[in-house]
1. Can Arg58 be described as of a type in the set (Lys, Arg), within 18 Å of Asn230 (Cβ to Cβ), open to solvent by 20 Å² or more (accessible area, probe 1.4 Å) and out of contact with any Ser or Thr (no Cβ under 8 Å at 6 or more places or on another chain)?
2. Of all residues in region 195-224, which are more than 13 Å from Ala20 (Cα to Cα) and of a type in the set (Asp, Glu)?
3. Checking the conditions here, which among Ser156, Ser121 is of a type in the set (Ser, Thr, Tyr), in contact (Cβ under 8 Å) with a residue 24 or more places away in the chain and either more than 18 Å from Ala83 (Cβ to Cβ) or open to solvent by less than 10 Å² (accessible area, probe 1.4 Å) (or both)?
4. For region 163-173, give me the residue count where each residue is within 12 Å of Leu117 (Cα to Cα) and either modelled with pLDDT of 85 or more or assigned to a helix (DSSP H, G or I) (or both).
5. For region 77-92, which positions are more than 13 Å from the chain's Cα centre (by Cα) and under 23 Å from Val158 (Cβ atoms)?
6. Need pairs with beta-carbon distance below 7 Å; first residue charged (D, E, K, R) and within region 43-63, second open to solvent by 40 Å² or more (accessible area, probe 1.4 Å) and at pLDDT below 95; sequence gap 6+ or separate chains.
7. Which fully enclosed strands (runs of 3 or more DSSP E) of region 65-161 have 3 or more residues being aromatic (Phe, Trp, Tyr) and either closer than 30 Å to Ser37 by Cα or at pLDDT 95 or above (or both)?
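The values are calculated or read from the model by the stated rules, or taken from the named source; none is laboratory data. Just so we're clear, the structure is a prediction, and the values are computed from it rather than from any experiment. Here the Cβ positions follow ideal geometry from the backbone for every residue, glycine too, while neighbour counts run over all protein chains shown. All accessible areas refer to the heavy atoms of the entire protein, side chains included, with ligands and DNA or RNA removed. Shrake-Rupley method; radii C 1.70, N 1.55, O 1.52, S 1.80 Å.
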Amino acid sequence: MTSETTPAQPAATSPRLLVALDIDGTVLHEDGSLSLSVADEVRRVVALGHVVTLATGRSWESTRPVLEDLELTPQYVVCANGALIMKRDESKPDAYERFFMETFDPTEVLGLIQPHLSEGSYMVEYPDGFRKYTVGMEDWNLENAVEVPFEELVTSPVTRVVVVSPSHDEEEFLRIVDRIGLSQVSYAIGWTAWLDIAPKGVNKATALERVRQWLGFERSQMVAVGDGRNDVDMLGWAADGGRGVAMGQAPEEVLAVASEVTGTVTDDGLSQLLRSISG
């Protein structure tokens, strides 16, 4: 299911670059901290007239604080790996509205996964941002969320499903997911045993293509930076005419699609990349 809409007032002109940043492992260090050099470089690039936004697998509730820390106010923000696009609206309580959403019925995919990952923890996110989760998701931002038994996760279409299985290491988790065969959805696997599921054909690249068109940018004006498997589509898309930049610590499949590689997040690789952007 797709909530199709178009901007009421498309931008007549655009700054020279549209820069889309992944959050975890790109903007933020592994401990969740934001370095001063990254924050300073983001503000410098914005001051030059470029548009900087975030493209993340996070929910809006977890994305908003990062925007605030960076002092960013872009017109559009990509969340939930592309299934949700937020639009700036000063009349709203947090200055953004849920502008574009893509949903799917997770009943079948949850039924496929649960027998293989019976000890895993699960979360589903609904179009209005409300989430339901099973026991074990306590490390996540649980604002606007409620714990339920597995059987009560699904009551209506969702924008995303998250599965976490700490009892498996990364390689074992990869093998399990490959064995399940999730052909009816889009999915990405995180650094740990973490599976993020979106509607089929939906990813950060599909959402950013919409944003690019709404704002009037050319493909050559795109810069995207990321480090995870959920960034593969985004970096490959940006590299086709623009700049798709992988962080130095990215796994091989991410490095393979990028047109450039910057330093690791530990070395503030994002700052290094942003310094290459001039006025």
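1. yes
2. Listed by number, the residues that qualify are Asp196, Glu218.
3. Result of the check over Ser156, Ser121: Ser121.
4. Total satisfying the criteria: 5.
5. Those that are more than 13 Å from the chain's Cα centre (by Cα) and under 23 Å from Val158 (Cβ atoms): Lys87, Lys92.
6. Glu61/Asn141; Glu61/Glu143; Glu61/Asn144
7. Strands (runs of 3 or more DSSP E) meeting the threshold: 96-102.
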